[in-house]
Amino acid sequence: MKISRIFVMIFGISIPIYILYLFYFREDIEFLLTWLPSDWGYNSVIIWTSANVVAPILYCFGWLYFNFILAKRFASTFELMQETSSMISAHYILFYGVCALAMLVSFLIPILTPIVGILAFSSLAFNLSTRKSNWEDFDKKKKSWVKVFIFIVDIPVIFCSILVIPEIISISVTFFLAFMNVMIEPLYTSIRALGVALPIGNFILLYQNATQSSNVGKRLDLSGKKNLNIAMVEILIAASFIFLEYRLVPTSTGYQFFQYLYYIGIIFWILSFIANIVQGRNKKGTFNQEGVPPQSPLSLVMYGIFWVATMVFGNKTLVIDEWVRYLVVSLGGFIFIAIFLLIFIGHPDIEDT
């Protein structure tokens, strides 16, 4: 089984567990429904049960359903992100993936869950209605009945979503700020270490591919033993920098010297960027014959965010407002998600279920 498929399977199982954790096991989260009249809200057994008991069950089913019917497409998207992302090296996908994971866990999954639930039940009802014939073959009357059936199936999840959405938005924002307040320092320590390790590994890979004339101007080889060795080097470098970051005393001379070592990442980042241009990775068109999306101004933004995150806002000697750090992580996460959706929706080689 491919790693991407294992990742999708783990992710698909983890989200429902995470939803159950938020609704059932976090003592600080309870939908009191204070925006409703007192007789309708917390004091109503039916409404309280719908928001705090029924809703998470429906939402878990929604996430499981989408993961089941789109598992192969999700896995193919991750594989294509690694293989065809010319907007930024596949090595840097790890950085943006970490940012995206932070955004998903702390903000996006809770706030998108009601929408996912409604779409899942709509999709289920539609698939049940069209399992024996195509939608295009239905006449106007049958299509109307299908729409009515979809609405009826959606009533429970729509009702639960109306109850929880006002509070889930507030909870998501609060959870995001609390999560970032706890995780921002270890997150940035890891990002700074990646800021050195990934450019070095990427430059090595570019150099090795450049020595093979048949690969010049083509998509980089992102598989095999050679890349496993490079990954081990990256892990070793990143682990060493994380260890020294916590081991050295910030006021010591050794720590001050250690900070200059982070500029190694900038040097290799610049060399890799130049090497990408020299190797002809700037392509025109939506997708070229190798399936590589075009180089665009977004690539400069992505490299810039990576550099700023790893070299400036991660520097403990600088005084940076926390909201700026939150902004950098959020931008990195949204860029990863945007590229994922771009490939998920529009790539010509994407595999369906």
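Restricting to the stretch 201-226, what's the tally of residues that are under 24 Å from the mean Cα position of the chain (by Cα) and either of a type in the set (D, E, K, R) or at pLDDT 65 or above (or both)?
Residues of the stretch 201-226 that are under 24 Å from the mean Cα position of the chain (by Cα), as a first pass: 201-202, 219-223.
Retained after the next criterion (residues that are either of a type in the set (D, E, K, R) or at pLDDT 65 or above (or both)): 201-202, 219, 221.
Selection size over the stretch 201-226: 4.
When Leu112 is tested against (1) surrounded by fewer than 18 Cβ atoms within 10 Å (Cβ to Cβ); (2) farther than 22 Å from Ile169 by Cα, exactly one condition is not met: (2).
Yes or no: Leu163 part of a helix (DSSP H, G or I), at pLDDT 80 or above, of a type outside the set (S, T, N, Q) and surrounded by fewer than 13 Cβ atoms within 10 Å (Cβ to Cβ)? Before you say what the answer is, go through the steps one by one.
Working: part of a helix (DSSP H, G or I): yes; at pLDDT 80 or above: yes; of a type outside the set (S, T, N, Q): yes; surrounded by fewer than 13 Cβ atoms within 10 Å (Cβ to Cβ): no.
When the stated conditions are applied, Leu163 does not pass them.
Scanning the stretch 231-257 for residues that are closer than 17 Å to Glu185 by Cβ and not aliphatic (A, V, I, L, M) gives Phe241, Phe243, Glu245, Tyr246, Arg247, Pro250, Tyr255. Here the condition is being in contact with a helix residue (DSSP H, G or I) (Cβ under 9 Å, 6 or more places away or on another chain), surrounded by fewer than 16 Cβ atoms within 10 Å (Cβ to Cβ) and either at pLDDT 80 or above or over 16 Å from Ile200 (Cα atoms) (or both); of Glu290, Glu234, it holds for Glu290 alone. Whenever a residue of the stretch 35-51 is at pLDDT below 80, its partners that are in a helix (DSSP H, G or I), lying with C-beta atoms within less than 8 angstrom and at least six residues away or across chains, give the pairs Trp35/Pro166; Trp35/Glu167; Leu36/Ile47; Leu36/Leu163; Trp40/Ile47; Gly41/Ile47; Gly41/Trp48; Tyr42/Trp48. For the stretch 126-153, a tally of residues being exposed (fewer than 13 other Cβ atoms within 10 Å of the Cβ) and either touching a Pro at 6+ places or on another chain (Cβ under 8 Å) or among the β-branched types (Val, Ile, Thr) (or both) returns 2. When the stretch 256-284 is examined, which residues are found to be modelled with pLDDT of 85 or more and aromatic (Phe, Trp, Tyr)? Selection gives Phe257, Phe258.
The values are calculated or read from the model by the stated rules, or taken from the named source; none is laboratory data. Small disclaimer: the values here were computed from a predicted structure and weren't measured. Heads up, the Cβs are rebuilt from the backbone with ideal geometry, glycines too, and the neighbour counts pull from every protein chain shown.
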